[in-house]
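Undergrad: Here's a structure for you.
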Amino acid sequence: MWRSLGVGILVISIGLSVTVQCGAAAVEHAAWDALLKKYVDDQGRVAYRDLQAHDRATLVHYLSTLAAARPEAMTEHEEKAFWINAYNAAIVYGVLNGLTAEGMLARQRFFRWYKIRIAGQDRSPDEIEHRLLRERFRDPRIHFAIVCASTSCPKLRREAYVAERLEHQLDEATREFVNDPARNRIDRQHIALSMIFQWFAADFVSAAGSVTHFIARFVDADKQAILQAHQAPLTYLEYDWTLNAQPGQRPLSE
């Protein structure tokens, strides 16, 4: 989600003690789906403290299935859903281990230095996002499915991404983000977009010709004319990196 600075010395690696053999190529995401339904609210905020207290082992077990998975044997939709879920689950697990994106060095530590075993290799959130999702699939909707545990990020969806409904889920996540006035302000006075549209402008230009053309595919009908008439350069909202925790639900320090 955030473009890392070009420095790095320390790698923080969080290992998983459980090993599960993965028979079929596709991974079962039911455990992750259940955790999302239980600990994420309608605003995409997470009850980290409750998850830490009651279901940490469930999350670790799910992550162990991701560690043993073979995405190269999956269908394209299965693989895309796999990496989206892997990113989001790894981020939640990182928060339970004391990481946040609240500060420039903290973001470097979280997105680049922190690593977790996924599909047989230790991988950072940056690697999953930029190399395994953006470069491989070239689908800008991914930006609204992966969640970096911050207030200005897209809302964490209350269900796992799954191959059979992936297109609908990605369209819905994109539409909700684009039309969320807390993340994008599109009215007759001005247009101010999420920084995601500036950081990854090339992705949206490649997919639709321009940022505004991409947004026009998903924006509500009453905002279509506003986009079409807009002539001034786009402006962008300040990004809020505050942890996306429910009130009183920041995890306890270990």
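Undergrad: Filter region 167-199 down to the residues that are crowded, with 19+ Cβ neighbours inside 10 Å and among the aliphatic types (A, V, I, L, M) and list them by number.
TA: L170, A173, V178, I186, I191, L193, I196
Undergrad: Still on this structure, please answer the following. Does region 126-166 hold any residues that are of a type in the set (D, E) and in contact (Cβ under 8 Å) with a residue 60 or more places away in the chain, and which are they?
TA: Once the filter is applied, which keeps residues that are of a type in the set (D, E) and in contact (Cβ under 8 Å) with a residue 60 or more places away in the chain, region 126-166 yields D126, E129, D139, E159, E164.
Residue-by-condition table, conditions (1) over 28 Å from H61 (Cα atoms); (2) in contact with a strand residue (DSSP E or B) (Cβ under 9 Å, 6 or more places away or on another chain):
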position: I116; (1), (2): no, yes
position: E127; (1), (2): no, yes
position: R134; (1), (2): no, no
position: L156; (1), (2): no, yes
position: A160; (1), (2): no, no
position: R175; (1), (2): yes, no
position: I186; (1), (2): yes, yes
position: F204; (1), (2): yes, no
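Undergrad: OK, next. Could you tell me which of the residues L99, L156, L133, L166 is under 27 Å from D41 (Cα atoms) and in contact with a Gly (Cβ under 7 Å, 6 or more places away or on another chain)?
TA: Of the residues listed, the single one that is under 27 Å from D41 (Cα atoms) and in contact with a Gly (Cβ under 7 Å, 6 or more places away or on another chain) is L156.
Undergrad: Let me ask something else. Just to be sure, is E79 of a type outside the set (A, V, I, L, M), at pLDDT 95 or above, buried (at least 21 other Cβ atoms within 10 Å of the Cβ) and more than 27 Å from Q249 (Cα to Cα)?
TA: For E79, the condition - of a type outside the set (A, V, I, L, M), at pLDDT 95 or above, buried (at least 21 other Cβ atoms within 10 Å of the Cβ) and more than 27 Å from Q249 (Cα to Cα) - is met.
Undergrad: Looking at region 219-234, which of the residues that are surrounded by fewer than 10 Cβ atoms within 10 Å (Cβ to Cβ) and among the aliphatic types (A, V, I, L, M) is nearest to R141 (Cα to Cα)?
TA: Among those that are surrounded by fewer than 10 Cβ atoms within 10 Å (Cβ to Cβ) and among the aliphatic types (A, V, I, L, M), it is A221.
Undergrad: If you don't mind, another one. Condition first: in contact (Cβ under 8 Å) with a residue 60 or more places away in the chain and either closer than 25 Å to S150 by Cβ or assigned to a helix (DSSP H, G or I) (or both). Can you find one or more residues in region 212-234 that meet it?
TA: Yes, region 212-234 has at least one match.
Undergrad: So, one more: Taking region 22-71 as the region of interest, how many residues are part of a helix (DSSP H, G or I), surrounded by fewer than 19 Cβ atoms within 10 Å (Cβ to Cβ), without any contact (Cβ under 8 Å) to a residue 24 or more places away in the chain and not hydrophobic (A, V, I, L, M, F, W, C)?
TA: Going through region 22-71 one residue at a time, the tally reaches 2.
Undergrad: Of (1) free of Cβ contacts under 8 Å to residues at least 40 places away in the same chain; (2) surrounded by 15 or more Cβ atoms within 10 Å (Cβ to Cβ), I118 satisfies all except one. Which?
TA: Just one mismatch for I118, condition (1).
Undergrad: Here is a further query. Residues of region 137-164 being buried (at least 17 other Cβ atoms within 10 Å of the Cβ), out of contact with any Pro (no Cβ under 8 Å at 6 or more places or on another chain) and not in a loop (DSSP other than H, G, I, E, B), which ones?
TA: P140, R141, I142, S150, A163 - these are the residues of region 137-164 that are buried (at least 17 other Cβ atoms within 10 Å of the Cβ), out of contact with any Pro (no Cβ under 8 Å at 6 or more places or on another chain) and not in a loop (DSSP other than H, G, I, E, B).
Undergrad: Residue by residue through region 72-102, note down the ones that are in a loop (DSSP other than H, G, I, E, B) and either touching a Leu at 6+ places or on another chain (Cβ under 9 Å) or small (G, A, S) (or both).
TA: G98, T100, A101, E102, listed by residue number.
The values are calculated or read from the model by the stated rules, or taken from the named source; none is laboratory data. All figures in this text were calculated on a predicted structure; none of them were measured in a lab. All Cβ positions, glycine included, derive from the backbone under ideal geometry; neighbour counts span all protein chains shown.
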